[in-house]
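Have a look at the structure below, then the notes.
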Amino acid sequence: MVSISLNAQVVFEGTAESVGQINSSDGQNYLVLSSFNDSFAFTRERAAANDLYDQAELETEGKHIEYFVFNDDLLQKGMVSPIGFETENVLFYSFVEFEKGLYRGAVRKIDLFTKKDTKVDIPFFRNKAPVQSGCLSENLQFMIISAESNNSYGVEDLYISKRKADGSWSSMKNLGADLNSGYQEITPFLAADNCTLFFASNRPGGSGSFDIYYSGRLDESWRSWSEPRRLGSQINTNGSESSFSFREGDALAYFVRSKDSDRYGDIFKIKIRESIDADTTATGQRKESVEEVAADKVVLKVVDAKNSKPLAALLITANDTSSNVNGIFTINSLNKEDVEIKSYGYLPKIISLDRTLAAGENLIMLASIAKGETIRLENVLFHRATANLMSGSEKDLDLVVEVLNDNPKISILLKGHTDNTGDPAINIRLSEERVNAVREYILSKGISAYRVAGKGYGGTQPIAGNEREETRKLNRRVEFEVIENE
């Protein structure tokens with residue numbers, strides 16, 4: 001169990017030790033770990049090497065470890081660096097070549113078993129720097145790349161590419177000025193919560209030429225981050241540190257350190273303290289199960305509304321943000337505060353921390369915003385027989401606005417429904433007026449009109465019986481269908 005608290009330094013045990021068996025005088029850089037087994041890969045600066053990489057084995061701490069050494073040529077013709085393991089045998093890597101006076105970067109992947117090597121298509125990808133590094137998220141849905149592109153703030157910036165439903169990758173998006181500076185941001189590592197990002201930077205204020213920093217993602221835009229903080233003196237020195245990473249659940253973290261220059265590094269390891277209190281500050285992460293929590297504690301468990309599978313989620317309060325890869329949050333105070341629950345690819349939900357929450361597990365069900373999904377806005381209500389929104393409806397509508405802002409490629413169709421009592425023509429007109437009221441509210445928040453369509457259906461599409469008021473009221477609803485999300 002690893003916990004990251006942005007209110008304090010990441011806690012380590014003891015001092016860092018060189019992984020002496022694999023370090024050489026040629027210099028090691030750009031370390032990545034496999035989440036599938038104990039394998040890892042890194043770059044060694046060997047200009048005379050003919051092959052892309054060498055394969056070797058290591059016995060350490062009772063483990064049999066396979067590692068892959070990518071052979072760099074000291075920037076004479078270009079450079080290579082591993083990015084991350086897609087499977088046990090398939091590895092993504094950065095490739096930069098120097099041709100006709102220009103550097104050109106790309107992402108490639110190689111099957112370590114068959115040696116098949118292919119380019120990874122990232123639309124509009126451009127890196128004009130002589131170096132490039134990156135990481136794959138543990139769930140393989142996000143790739144963070146350090147590159148110098150047309151919209152970089154300085155030299156190398158951090159960018160994200162997201163894997164689409166069909167397996168292809170989106171164009172690169174700059175992670176923003178909260179993270180990136182006018183200096184170099186390199187060797188990113190995204191923790192398993194998909195919120196905590198580690199990287200190296202030579203920005204002012206560090207101990208040496210490059211220090212390791214970390215920051216927490218605050219929303220789904222991937223451009224809002226907590227202020228980057230430096231890891232402590234057990235990691236950062238007056239030399240150069242980079243490539244910090246660890247496997248989820250492992251007791252060791254690894255990184256690259258150079259005492260004498262930015263180039264000739266050695267791989268180090270250090271123990272992470274495993275027993276840290278649950279974080280209650282900005283974008284911390286803790287893995288725990290409901291069984292670990294005392295019986296009198298209130299626990300929120302965030303799940304998919306359709307299949308009840310746990311979701312990695314954020315819990316956002318007025319003062320801070322916390323995250324959990326399993327979507328489990330322990331509440332120590334029922335103070336009637338409203339909090340927001342978010343998960344990537346789902347409509348957020350506002351809940352109140354009040355006495356209606358039971359001791360033990362409380363399921364928080366989030367609805368997917370995948371294309372074709374229809375989501376009911378349960379708390380969007382109208383005064384009887386009118387299109388006037390009742391007070392409090394704004395909370396749900398603001399969540400829809402938030403989703404549209406966080407996901408600029410989403411378009412929706414608002415749907416208005418009534419029960420079947422009264423004149424059908426009047427019901428159609430009333431449902432249309434209510435849809436228009438909701439649409440006007442959303443557009444008033446700056447959402448483009450072409451992204452929000454609307455239609456009233458009256459009582460023609462019931463979801464419950466109309467015989468009794470208890471079920472008839474379920475048919476009086478506003479919902480939206482995701483008609484585009486690409």
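No lab work stands behind these numbers, since they all come straight from the coordinates. On a predicted model such as this, the values are computed, not experimentally measured, just so you know. Here the Cβ positions follow ideal geometry from the backbone for every residue, glycine too, while neighbour counts run over all protein chains shown.
Considering the values (1) 25.6, 85; (2) 22.8, 76; (3) 22.2, 68, which represents Rg and Dmax of the Cα atoms in Å as calculated for the structure under consideration? Matching the structure shown: (1).
Classify region 87-168 from the C-alpha gyration tensor, please: rounded if a/c falls under 1.5, else prolate or oblate depending on whether a/b exceeds b/c. Could the numbers behind the result be given before it?
Values: a/c = 2.10, a/b = 1.36, b/c = 1.55.
Because a/c hits 1.5 or more and a/b fails to exceed b/c, region 87-168 counts as oblate.
Extending 7 Å from Cα along the Cβ direction at F98 and again at D423 yields two label points whose distance is 8.1 nm. Percent of C-alpha pairs per 5 Å bin in region 288-366, short distances first: 3, 16, 29, 27, 19, 5, 0. The phi torsions of region 349-363, fed into the Karplus equation with coefficients 6.51, -1.76 and 1.60 and a -60° offset, translate into couplings of 9, 9, 10, 9, 7, 10, 6, 6, 7, 8, 4, x, 8, 10, 6 Hz, rounded to whole numbers, with Gly and Pro shown as x.
Look at where the Cα atoms of region 106-157 and of region 423-472 average out, and the two centres are 45 Å apart.
Taking 0.36 nm per residue of separation and subtracting the Cα-Cα distance, what length does fully extending R355 through I463 add? Don't skip to the answer; put the middle values down first.
Details: separation 108, 0.36 × 108 = 38.88 nm, distance 3.07 nm.
Full extension of this stretch gives 35.8 nm more.
Compared with the dominant Cα axis of the chain, that is its longest principal axis, helix 424-444 is turned about 40°.
Remark on S35: its backbone amide H falls under 5 Å from those of F85, a criterion applied only to residues 5 or more positions apart or on other chains, H modelled at 1.01 Å from N. Based on Cα contacts under 8 Å between residues 6+ apart, region 288-366 shows a relative contact order of 37 percent.
Each of M172, Q28, I110 was scored by the projection of its Cα onto the charge dipole of the chain, and the greatest displacement toward the positive side belongs to M172; charges sit on the C-beta of Lys, Arg, Asp and Glu. Extension gain for the segment A453 to R108, taken as residue separation times 0.36 nm less the Cα-Cα distance, is 120.1 nm to one decimal. Between Y214, F255, I272, the Cα set farthest toward the positive side of the dipole of region 12-272 (charges on each charged residue's Cβ, about the Cα centre) is that of Y214.
Per-residue 3J(HN,Hα) values for region 154-160, derived from phi via the Karplus relation 6.51 cos²θ - 1.76 cosθ + 1.60 with θ = phi - 60°, read x, 9, 6, 10, 9, 10, 10 Hz in sequence order (x marks Gly and Pro).
Rounded to the nearest 0.05, what FRET efficiency do T87 and E227 give with R0 = 45 Å and r taken as the Cβ-Cβ distance? Could you check? In this case the efficiency is close to 0.80.
Relative contact order for the chain: what is it in percent, counting Cα pairs under 8 Å that are at least 6 residues apart? Write out the running numbers ahead of the final one.
Numbers: 1252 pairs, mean separation 53.9, N = 486.
Rounded, it is 11 percent for the chain.
Couplings 3J(HN,Hα) of region 325-334, computed from phi: 5, 9, x, 10, 10, 9, 9, 9, 9, 8 Hz, in residue order, whole Hz [Karplus 6.51 cos²θ - 1.76 cosθ + 1.60, θ = phi - 60°; x for Gly and Pro].
Shape class for region 12-272: rounded, because the ratio a/c of the largest to smallest gyration tensor axis (alpha-carbon atoms, square roots of eigenvalues) is under 1.5. Using a Förster distance of 25 Å, how high is the FRET efficiency between Q234 and S209, based on the Cβ-Cβ distance and rounded to 0.05? Step by step, r from the Cβ atoms, then E = 0.90.
The Cα-based radius of gyration of region 374-485, divided by its Kirkwood radius, gives an Rg/Rh of 0.97.
Report the calculated FRET efficiency for T374 and S171 (r = Cβ-Cβ distance, R0 = 30 Å), to the nearest 0.05. That gives a FRET efficiency of 0.55.
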